[in-house]
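These notes concern the structure reproduced below.
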Amino acid sequence: MDNPEQEHNAAVPAVQPVTVEVDAFENDSAYGDEISNFTASMTTSAVDYRNENGRRYHAFRDGRYLIPNDEPEKQRLDALHMLYRTLTGGRLFLSPLPPTINRVLDLGTGTGSWAIDFADEFPSTEVWGNDLSPIQPDWIPPNVRFVIDDFEDEWLYGHRKFDFIHARYLAVSCKDFPRLIRRCYEHTVPGGYVEFQDWDSTVYSQDGSTDGTSIKHYYDVIRPAFDKAGVECSPGTKLEGWFRDAGFEDIHVEKLFIPLGGWPKDETLKAVGFLNLIQATKTGFEATALAVLTRNEGWAPETVADLCAQATRDVWNPSIHALFDFYIVYGRKPA
Ligand SMILES: C[S@@+](CC[C@H](N)C(=O)[O-])C[C@H]1O[C@@H](n2cnc3c(N)ncnc32)[C@H](O)[C@@H]1O
């Protein structure tokens, strides 16, 4: 593996160091509805949102997804979009796509930021994004289509297949990843690519500084709750095997570090860590924990707020060097 002293190069994620160096300031006490252009039959039921404990949740297939879809959540997803682009040196995908791509699908598109950026970069490509929630903007490039759809159901995209299917951050969204990836295979043209970018939701540190912290406690509480709810919260490590089982070839795996906090010395990882801190504290901890713990585990909202407040306090402590692993995996359907 790479030399731990090696500088991180944002443009080439493969050369990330094994050890993330801590910045010298580590001993400081602290540092500092819209309806979009849906082509699917738009029913009022899709915007008849569920409001619960101060947050708003999707209406189409109510209950399937346990994270809100309101304004704070949209801002969080957009902060994460910035995080991923910073992490990959600006790249939207790592697959070696040909210069001409006819049709692309983004699964669980969220605010549609990835699909919109892709459509801007490839103006002659037809870009589709699906989601349970119509939370994408009205003003979009002419080559983007957003549809309300449940990607775990049968896919209704006509007989035409996609040249590229992309899915990012479907952790805690999907019950059956192997089936979803098999379906991607079926709906990709021969020679086309499928790329998934996703988290391992296990928080850890390389120096033991997360042991016994409230950050670790937070993830130790929510992971089993999502397991019980039947959704996968750490798909990252398993993607390669699922791609292989589905029949993809030339599978490529990239493992990247996502720090939680601005503690790394490396400038790119510091920026990524701060963006992760921002999304977690505003309002990622709450967004992720609230429904799964109140609906499924019988917690009071105040107890969830307490859990999140304690995790938030630890995230601002620069001597806690929390990290996640993030995986980008792509494969080609045999020609
Ligand atoms: C964590 S967000 C990620 C959004 C986007 N991929 C990104 O990276 O910015 C997951 C998205 O998947 C959507 N989603 C969850 N389950 C879904 C399903 N069964 N079918 C379609 N979309 C789904 C959610 O509504 C949410 O917008």
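The values are calculated or read from the model by the stated rules, or taken from the named source; none is laboratory data. Keep in mind it's a predicted model, so treat the numbers as computed, not measured. Cβ atoms come from the backbone with ideal geometry, glycine included; neighbour counts cover every protein chain shown. Surface areas here come from the heavy atoms of the whole protein model, side chains and all, with no ligands, DNA or RNA. Shrake-Rupley method; radii C 1.70, N 1.55, O 1.52, S 1.80 Å.
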_List the residue pairs whose Cβ atoms are under 6 Å apart, where the first residue sits in segment 207-227 and is on the phi > 0 side of the Ramachandran plot, the second is buried (at least 20 other Cβ atoms within 10 Å of the Cβ) and not in a helix (DSSP H, G or I), and the two are 6 or more positions apart or on different chains._
none
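Considering each of F118, F122, F177 in turn, give the residue that is touching a Ser or Thr at 6+ places or on another chain (Cβ under 8 Å) and modelled with pLDDT of 95 or more.
Details: F122 fails: touching a Ser or Thr at 6+ places or on another chain (Cβ under 8 Å); F177 fails: touching a Ser or Thr at 6+ places or on another chain (Cβ under 8 Å).
Just one listed residue meets the conditions, F118.
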*If a residue has to be assigned to a strand (DSSP E or B) and crowded, with 18+ Cβ neighbours inside 10 Å to count, how many in segment 253-281 make the cut?*
6
*Taking segment 140-152 only, how many residues are modelled with pLDDT of 95 or more, more than 20 Å from P68 (Cα to Cα) and either within 9 Å of the ligand (Cβ to nearest atom) or open to solvent by 10 Å² or more (accessible area, probe 1.4 Å) (or both)?*
4
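Just to be sure, is W155 within 14 Å of the ligand (Cβ to nearest atom), hydrophobic (A, V, I, L, M, F, W, C) and modelled with pLDDT under 95?
Numbers: within 14 Å of the ligand (Cβ to nearest atom): yes; hydrophobic (A, V, I, L, M, F, W, C): yes; modelled with pLDDT under 95: yes.
In short, yes.
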_Can you tell me which residue is farthest from the ligand (Cβ to nearest atom) among those in segment 158-171 that are crowded, with 17+ Cβ neighbours inside 10 Å and part of a loop (DSSP other than H, G, I, E, B)?_
K161
*Right, P259: under 24 Å from L77 (Cβ atoms) and touching a helix residue (DSSP H, G or I) at 6+ places or on another chain (Cβ under 9 Å) or not?*
yes
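May I ask you to verify whether G261 is at positive phi, at pLDDT 95 or above and within 22 Å of the chain's Cα centre (by Cα)? I'd like the intermediate steps shown before the answer.
Values: at positive phi: yes; at pLDDT 95 or above: yes; within 22 Å of the chain's Cα centre (by Cα): yes.
Considered against the rule, which asks whether it is at positive phi, at pLDDT 95 or above and within 22 Å of the chain's Cα centre (by Cα), G261 comes out as yes.
For (1) in contact with a Leu (Cβ under 7 Å, 6 or more places away or on another chain); (2) crowded, with 17+ Cβ neighbours inside 10 Å, each residue gets a yes or a no:
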{"site": "P98", "(1), (2)": "no, no"}
{"site": "G108", "(1), (2)": "yes, yes"}
{"site": "G112", "(1), (2)": "no, yes"}
{"site": "I116", "(1), (2)": "no, yes"}
{"site": "T125", "(1), (2)": "no, yes"}
{"site": "D131", "(1), (2)": "no, yes"}
*Starting from segment 135-147, take each residue that is acidic (D, E) and list its partners that are surrounded by fewer than 20 Cβ atoms within 10 Å (Cβ to Cβ), counting only C-beta distances under 6 angstrom and pairs at least six apart or across chains.*
D138/E34
_Going residue by residue through segment 173-188, is there one that turns out to be in a loop (DSSP other than H, G, I, E, B), surrounded by 15 or more Cβ atoms within 10 Å (Cβ to Cβ) and on the phi > 0 side of the Ramachandran plot?_
no
